[in-house]
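Below you'll find the structure, written out as C-alpha cells, and then a few comments.
The values are calculated or read from the model by the stated rules, or taken from the named source; none is laboratory data. Being a predicted model, the structure only gives us computed values, none of them experimental. Heads up, the Cβs are rebuilt from the backbone with ideal geometry, glycines too, and the neighbour counts pull from every protein chain shown.
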C-alpha cells in the first residue's frame, strides 16, 4: 500500500489567507483554489470582485501545478512551439483542464507534492505573487510547528 | 469485408513491461497506455508515483499515434504555427483528445498499424524512450515467435 | 496533514487477476478498471473481446464506487425516481461520469476506502460477481500478508 | 494477435441504401449512420429533410448497438428504473454517447458483431424499421455472394 501525505482543511485555510493578504496589498480581488495531491479541490475562495472565468481557471492552475509538480509559468515556457523540451499542446489536453498560465504552484512537504494552489483574476505576475504568498504562508506554518 | 489485425492482451502486457523496465532505468514512474488500431484502450498501468494528468495524456498519446499512424513528436513538429505541412490546430481537435506531445508511437505489423502506445509523466524525451522500449519489446516478441 | 492509504500497482494487479479468473469462469471477456481512493486510474485491462463502451464504463464504475464509498448497484437503487433516499439524477452528474450500474465496488482497508474496482461487459450481475472476485483477491492477499 | 472482421465501404453503402428505400416508403427523411465493430463511423447520410439532432443521435445509436452488441430498443427495456437486470443509468454514460432509443442495430457475420447501424428522425418504431431494412440489405448481399 502507498502512504500519501495530503493537505488538510486547516492548512488550506492558511494558504488561502496568505494569498488573500497579498491580493489585498495589490488591490486585486482574486479567485484562489487549493487542491490536494491528486488535483481534487479542498478549498476555494472568490474574493468580492473576483472574475467569473477565474473560478475555473484558478482550479485548473492548482490542478496543473499539483499534477505536473511544476509551477504553471514554467510549463508555459516549455509549451512554446518548437521549444527543445517540447510540451506544446499540453495546454489543450484534458478538455482544456491543463492550465499553463502563471499563477499555479505545487505545495510540497519533505520533497513530495502534497497539493497545489492556483490564483486567477489579475495579471499572471500578480496571480503568481499571490500563489507564492499562499505557499509561503504554508511553509511558515510548518516551520512554526517544527520549532 | 475488411480483415483487421489488432493487438491482443498478451501483447499489450509485453509492451507495457518493456516500457516499465525502461522507466525504472530512468528512475521516472510513468503512466503507460496501449490502444488497439481504432484507438480504444486495451491496457493501462500507472506505475506508483505516475502523474495524475498523465493518466489521460498517455491514453491520448496512444490514441493519436495509432490514429494518425505517426509518432506524436512528429505531429508536434508539423503543428508549429507556420510549418510548411501545417497541422497547427490539430492539438485542440476532438475536445483536446489529439495529443501532440512526444511519447506516443504507433505499433505496426507487416506495414499496418495494429495499435499504439502512449507514455507520460517524464519529459517528452523520456516518455518517448519508454514508448520506444515498449515497441521494441513487441518487435522482439514477434521475431522470437517467427524464429 | 492527512495521511492517506492508497492501493499500489502490485495490489491493483492482484485485484484485476481475481476479476479475470472469475470472468473466464463466466465465459464473458470483461473490461476491468482499478482506481485509487481519489478515483484516479491505476490499472486497466480489456480482456480480448471486452466491449468498447465498457472501457469508459468500467472506469466510471470504479470512480463512482471509490468516491461514493458504496457499491454502484446500491447507488442504483437509491437512484430510482421517488426512492425515499432520493439520489435520482446523480447518474447524469459530472458529465455522466457517475455510473450507477452494478459492477463497481469500493476497496477498503481498516475501514477506510483506499480504491475501487469497476467491471463492465456482461450483465450487471456478472460484472458485480467479477468485481467481488477482485475485492476477494485483495482481501486474501491482505490476510496472507498478515499471517 | 486478434483477427477482426469489419464492414467495408461497399457494404456500408448497401446498408444505407436499404434503409433509404424503407425511409422513402415511410415518407420520413432519415439520418442514417453506419459504424464499424469499434463504433467508429464508416458512412453517414442525411436524407434531404433529416433532422439536425438526428445527425448525432443516429451515430450514437449505431455506436451503442455495435458496442453493446444489442438493439438499442432492447437496452432501453433493461434501462427502466428498477428493472431486474438493471442498466438504468447507461443512457447518460460516456457523456451521453450511449443512446438507448430504438433505431440502432448491431450487424453481425458468423456470430460476431462487425458493425452497427443507427437511424433517427422518425418515431423509434420507424427508425427501427429502417435500421432493420439496412441490416436485411446486408444479409441479402451476403447470401447472394455465398450462392
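What the table shows:
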quantity	calculated
Residues that are farther than 26 Å from residue B:57 by Cα and buried (at least 21 other Cβ atoms within 10 Å of the Cβ), drawn from region A:86-128	A:121, A:122, A:127
Meets criteria (within 14 Å of chain A (Cβ to nearest Cβ) and crowded, with 18+ Cβ neighbours inside 10 Å) for residue C:75	no
Scan of region C:78-103 for residues that are in a helix (DSSP H, G or I) and either at the interface with another protein chain (Cβ under 10 Å from one of its Cβ atoms) or under 26 Å from residue B:41 (Cβ atoms) (or both), ordered by number	C:90, C:91, C:92, C:93, C:94, C:95, C:96
Matching entry among D:105, D:128, D:142 (being closer than 22 Å to residue D:5 by Cβ and within 13 Å of the chain's Cα centre (by Cα))	D:105
Evaluation of residue A:13 against (1) surrounded by fewer than 17 Cβ atoms within 10 Å (Cβ to Cβ); (2) within 30 Å of residue C:11 (Cα to Cα); (3) within 14 Å of chain C (Cβ to nearest Cβ) (one fails), failing number	(2)
Unique match (being within 14 Å of chain C (Cβ to nearest Cβ) and either part of a loop (DSSP other than H, G, I, E, B) or under 27 Å from residue C:12 (Cα atoms) (or both)) among A:28, A:35	A:35
Residues satisfying the stated conditions in region C:22-52, i.e. touching a residue at least 60 places away in the same chain (Cβ under 8 Å) and under 19 Å from residue D:95 (Cβ atoms)	C:31, C:33, C:35, C:39, C:51
Test result for residue C:51, crowded, with 19+ Cβ neighbours inside 10 Å, more than 14 Å from chain A (Cβ to nearest Cβ), modelled with pLDDT of 95 or more and outside any helix (DSSP H, G or I)	yes
Options B:41, B:2; residue that is closer than 24 Å to residue C:29 by Cα, surrounded by fewer than 18 Cβ atoms within 10 Å (Cβ to Cβ), within 14 Å of chain D (Cβ to nearest Cβ) and modelled with pLDDT of 95 or more	B:2
